[in-house]
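Data block below; observations after.
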Amino acid sequence: MFHEPCKKYWWANILYVNNLVPWKGEEMCNSESWYLSNDMQFYVLAPVFILALYHSPILGIFTNLVTIGASIIAAGVITCVYEIGPSSRSTMNPDQWWLLYIRPWIRCPPYLAGILGGWIYWKHGPTLKQYVTRMSQWERVVFGATWWCVSIVVEWAIIFGIYDQIRGVTLDQEAPSMAVSVSYQCFKRVTWAIALLIQVFLCELGLGSFVNSLLSWKGWLMLSRLTYGVYLLHIGLMSLIIAQSRHGFYLHPDYEMVVRYMGFLAISYLAATALFVCLEQPLAALETLSYRKPTKQNATQPNNDTQQSKPDLEANVINTDIIFTNKSSNDYGSTSTSQT
């Protein structure tokens, strides 16, 4: 399952184009890595939109909105032409994977919405904070509760809004209408990003309440360092475990799914911990050492300086080692924090 595609298309993963090569994605090496290519491609193109916002806000906003609009239109046209359902569980066309799911021109709206949101907060954040500060206590409660409710309802609708249609397809009932499929495929990604942006703004404006405290918990730092490894490893681990099962894999009863989920989660994090300790962290340490600037020493010293006694020379060496160790520790700590 993994050997032949990786033997043939390993170079696509290294170049971060495996969401485009092979075109139909049926022989993708490490299928879950499609998102890494999307993320890298967005990262490379992001300066174009950011610089446009910085130098000409009108041009930058126009460029971002036009690109988001073009992506929405593309998703709608592809959904209509190829008769694709609103989700992978209810699709009428099995080619949805390579037509919509992994393509960067379909996945870019949330990234661009995040760029716009970051620019808005950078430009108008202080003004928004002053506006909220001038509110009375009750006005802040009503304002914050309203926007929290709006964002949560939008997120709920995106996840559970088409539950009946998906269940109908599972039970061999009538498939969702094309209007439902097109509208959902067009707007589900960008509306999800906007809902998250609203929640981020509320937290930054002091309207996050316990949600902000929960998300700011320092305990997430360690888990966040393992999420990349979990992302890379979990599909392979799940496939290996399911392939070795001696009975079928069913969604019911529900408690069996819960037990499997908890087991997969624990095994994935254990494997990610081993990957982090044995590979990711040592490479990060080597990267930190490569950034260290060599200490410049004067080639020529006065004669009275070179005639140091042996104890004084040893003391200087010890002090230098202490300074060097502290500096390396500080550099390494800052690098780890930035990676997080």
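Some observations on this one:
- Simple spin-label estimate for Cys203 and Phe62 gives 3.5 nm between the two label positions (7 Å along the Cα-to-Cβ direction from each Cα).
- Ligands, DNA and RNA left out, the 1.4 Å accessible surface of region 40-181 is 70% carbon and sulfur atoms.
- Solvent exposure ordering (accessible area, 1.4 Å, most first) of Ser181, Ser239, Ser290: Ser290, Ser239, Ser181
- In terms of accessible area, using a 1.4 Å probe and ignoring ligands and nucleic acids, Val132, Val66 rank largest first as Val66, Val132.
- Each label was represented as a point 7 Å from its Cα along the Cα-to-Cβ direction; for Ala243 and Phe264 these points are 1.6 nm apart.
- Using the 1.4 Å probe convention, the accessible area of region 1-67 works out to 64 Å² per residue with neighbouring protein chains retained.
- Area of Thr63 that stays accessible when all protein chains are in place (1.4 Å probe, Å², to 10): 40 Å²
- Computed from the Cβ-Cβ distance with R0 of 56 Å, the FRET efficiency linking Leu15 to Phe160 stands at 0.90.
- Once the C-beta distance of Thr146 and Trp105 is scaled by a Förster radius of 25 Å, the resulting FRET efficiency is 0.15 to the nearest 0.05.
- Sites listed here are GluC sites (Glu not before Pro) in region 1-91 whose DSSP assignment is loop and whose Cβ has at most 16 other Cβ atoms within 10 Å: Glu26, Glu27, Glu83.
- In this structure Leu289 has an accessible area near 90 Å², from a 1.4 Å probe over the protein heavy atoms.
- Heavy atoms of Glu4 accessible to a 1.4 Å probe, total area in Å² rounded to 10: 120 Å²
- Sorting Ile58, Ile194, Ile84, Ile158 by accessible area puts them as Ile58, Ile194, Ile158, Ile84; the probe is 1.4 Å, largest comes first, and only protein heavy atoms count.
- Distance between the 7 Å Cα→Cβ label points at Lys293 and Lys8: 5.2 nm.
- Accessible area per residue, Å², region 111-248 with all protein chains present, probe 1.4 Å: 65 Å²
The values are calculated or read from the model by the stated rules, or taken from the named source; none is laboratory data. No experiment lies behind these values; they were computed from the predicted model shown. No Cβ is skipped: glycine too gets one built from the backbone with ideal geometry, and neighbour counts run over all protein chains shown. The area values use the complete protein model at the heavy-atom level, side chains included, leaving out ligands, DNA and RNA. Shrake-Rupley method; radii C 1.70, N 1.55, O 1.52, S 1.80 Å.
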